[in-house]
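Right, one structure below, let's go through it.
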Amino acid sequence: MAEAVLTISHLTKRFENQTVLEDLSLEVREGETVVIVGPSGCGKSTLLRCVNALEDIQGGEIRIRGERIRHDGKNLPEMRRKVGMVFQNYELFPHLTVIENILLAPVKAQKRPREEVRAEAMELLERVGLKEKADSLPRQLSGGQKQRVAIVRALCVHPDILLFDEVTAALDPEMVREVLDVIIGLAEQGKTMLIVTHEMSFARAVADRIILLSDCRILEESSPEEFFTAPKTEQAKKFLQSFEFRRSRQA
Amino acid sequence: MPDLGLEVLLKGKNFIRLLEGLWTALRISLVSALIGILAGILLGVLAGRKKSVFRGILGGWLAVIHIMPQMVLLFLMYFGTSRAFGWYLSGEMSAVIVFSLWGTAEMGDLVRGAVSSVPVIQRESAEALGLKPAQVYLLIILPQAVRRLIPQAINLITRMIKTTSLVTLIGVVEILKVAQQIIEANRRASPNAAFGVYLTIFVMYYLACRPLTLASKQLEKHWR
């Protein structure tokens, strides 16, 4: 079995007095794509934010390739470079061009040679069809384009694992596909990914494993085939039904 | 056409003297603006941190500056301190101190506001890329904050330039004082000089402030 890249053990997360995640354990192995689904507000995004230490945690631990993320801040910048994150609203830096957005972390934080990173960035931009946008500002791009840039920006840091937090939720429907296709391409290349999404057909296509999160914990964990055709729990059935529409017609 | 008294400007060194007066006014306001901007950025950054004592200091300072007419501050600094503390400050020095205190407070508040107006998730996005806290601040937060505060900062500088007309009251020979002297000296020869001279001052202030507001508009358009 492949090496574990992300190991979450007994994670507990509370906001004030409200428990969001309780005693949650999860492992993502090298080259694996794990998709988290679940009702709104069940803590999916919070889970990703904990992995990147954007949220502190109240119990348990999170390790990347065996090294513990210390939420108190000691090794945070280095650990975060091992975890790439793509946000729902892209969060490109509006005052920097596309290429500057991408080069910032590799050049300033990782001290890699600018020309080398630039060559890599241009190649990745070409692969997502945005090579000619390298010198544009984010505001000159569409939502789908911005999100593809955000993915390239995360990739250029060479993270061990990529986190995707509902990356198409803010997009117009016709732009969803161009972004999801890029992510499916990454899965085919064997990138290790943890994805939160509401796009069920995408989840089914991209996932090696599907996790249903509800009531602060993992309710169901199975292969996409099994999850979508023969869900084990009542909650999973109910959740999947919420994506289907029927109209009763009088004969 | 009525006699506007403009011919006074051509007599002797009158026009040059007005320009010298303008330069005094600009010197006071620009030196104060420079001090105010630098100190204000420092104060604003410090006050922008969570649970900072500087937030209270800035708040109190700002309240005093807002409530007190600048003229009272000038009198306090120039006349008040000489008797009370034995500080014999020159008029220009007093003016620079008062204007710097004013500039620092307002600039500090502008910087604090601009920094806090940058969305939290921009900071998180930078942190998620593994940038160190200082890099997040210098490369992501401040550049965005600066773009937001440039128009208000330029507005502050132009208000400072205009307000220098008060320093004539503490004996600084700036443009307004020169104007009064010229008008007095020519009372018989050109009784209408007041109009011409003050009109000239009006144009001079306009020409001094206009490039700043133009630059501000350009930057706004450039950054949008």
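No lab work stands behind these numbers, since they all come straight from the coordinates. Every value quoted in this text rests on a predicted model; they were computed, and no experiment measured them. FYI the Cβ positions are ideal-geometry reconstructions off the backbone, even for glycines, and counts take in every protein chain you see.
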Positive minus negative residues near A:Leu92 (Lys, Arg vs Asp, Glu; Cβ under 12 Å): +3
Taking the simple approach of a point 7 Å from Cα along Cα-to-Cβ for both B:Leu10 and A:Arg127, what is their distance in nm? 7.7 nm
Nonlocal amide H pairs with A:Ser214, under 5 Å, H built at 1.01 Å: A:Leu219
Residue-wise HN-Hα coupling along the range A:200-217, computed from phi with Karplus coefficients 6.51, -1.76, 1.60 (Hz; x: Gly, Pro): 5, 5, 5, 4, 5, 6, 8, 7, 8, 8, 10, 10, 9, 9, 7, 6, 6, 8
Could you work out the helix-only [θ] at 222 nm for the protein assembly as shown, with each DSSP H run of four or more residues adding -39,500 (n - 2.57) and the total divided by the number of residues, to the nearest 500 deg cm²/dmol? -16500 deg cm²/dmol
May I ask you to derive the relative contact order of chain B, considering only C-alpha pairs under 8 Å and at least 6 residues apart, and to give it as an integer percent? 34 percent
Quick test of the membrane-span-like rule: which DSSP H helices of chain B reach at least 18 Å along their long axis (C-alpha atoms) with mean Kyte hydropathy at least 1.6? B:14-47, B:53-67
Residues in the range B:77-104, backbone N under 17 Å from the label point at B:Ile67 (7 Å along the Cα-to-beta-carbon vector): list them, ranges by number please. B:102
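Hey, got the dipole for the range B:1-123? About the Cα centre, +1 on K and R Cβ, -1 on D and E Cβ, debye to the nearest 20? Could you put the intermediate results ahead of the total?
Working: 11 positive and 6 negative charges, 129 e Å.
Rounded to the nearest 20 debye, it is 620 debye.
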GNM on chain B, C-alpha springs below 10 Å: top fluctuator among B:Trp61, B:Trp23, B:Trp87? B:Trp87
Across the residues of B:138-151, average count of Cβ atoms on other protein chains within 10 Å? 2
Non-local residues with an amide H under 5 Å from the amide H of A:Arg209, with H modelled 1.01 Å from N and Pro and chain starts lacking one, are A:Thr33, A:Val35
3J(HN,Hα) from dihedral phi, the range A:164-180, Karplus parametrisation 6.51/-1.76/1.60, rounded to Hz, x for glycine, proline: 10, 9, 6, 6, 10, 5, 9, 8, 5, x, 6, 9, 4, 4, 4, 7, 5
Normalise the Debye intensity by I(0) for the range A:137-213, one equal point scatterer per Cα, no solvent, then take log10 at q = 0.24 Å⁻¹ and round to two decimals. -1.27
For q = 0.09, 0.11, 0.17 Å⁻¹, Debye-computed log10 I/I(0) when each Cα of chain B counts as one equal scatterer: -0.49, -0.67, -1.17
Taking every residue of A:103-111, the Cβ atoms of other protein chains inside 10 Å of its Cβ average out to 4
Normalised by the number of residues in the range A:124-251, what is the relative contact order in percent for Cα pairs under 8 Å and 6+ residues apart? 16 percent
For the range A:4-250, size of Cβ-based charge dipole, Lys and Arg +1, Asp and Glu -1, in debye: 300 debye
Dipole axis of the protein assembly as shown (+1 Lys, Arg; -1 Asp, Glu on Cβ), positive-most option in A:Ala205, A:Gly31, B:Leu58: B:Leu58
Taking only Cα atoms of the protein assembly as shown, what ratio of Rg to Rh do you get with Rh as the Kirkwood inverse-distance radius? 1.17
Counting only other chains, what is the mean number of Cβ atoms within 10 angstrom of the Cβ of each residue in peptide A:79-91? 3
Could you give the dipole magnitude of the range B:68-224 about its Cα centre, charging the beta-carbon of Lys and Arg +1 and that of Asp and Glu -1, in debye to the nearest 20? 320 debye
Which one, A:Lys44, A:Lys108, A:Lys82, has the greatest fluctuation when you compute a Gaussian network model over chain A with C-alpha springs under 10 angstrom? A:Lys108
Step by step: find N for the range A:4-250, compute 2.2 N^0.38 Å, then divide the Cα radius of gyration by it. What's the final number? 1.04
For the range A:57-206, what does the relative contact order come out to in percent, with C-alpha contacts under 8 Å and a separation of six or more? 28 percent
What is the gain in length, in nm to one decimal, between B:Tyr198 and B:Leu169 on full extension, counting 0.36 nm per residue of separation less the C-alpha to C-alpha distance? 8.7 nm
If you plug each phi of the range A:122-137 into the Karplus form 6.51 cos²θ - 1.76 cosθ + 1.60 with θ = phi - 60°, what whole-Hz ³J(HN,Hα) values come out, in order, with x for Gly and Pro? 5, 5, 5, 4, 5, 5, 8, x, 10, 4, 6, 9, 3, 9, 7, 8
Tell me which residues come under 5 Å, amide H to amide H, from A:Met85 once H is placed; ignore anything under 5 positions away on its chain. A:Leu163
Isotropic mean projected area of the C-alpha convex hull, the range B:70-157 (nm²): 7.5 nm²
Per GNM of chain B with C-alpha springs under 10 angstrom, the most fluctuating residue out of B:Leu19, B:Leu199, B:Leu46 is B:Leu199
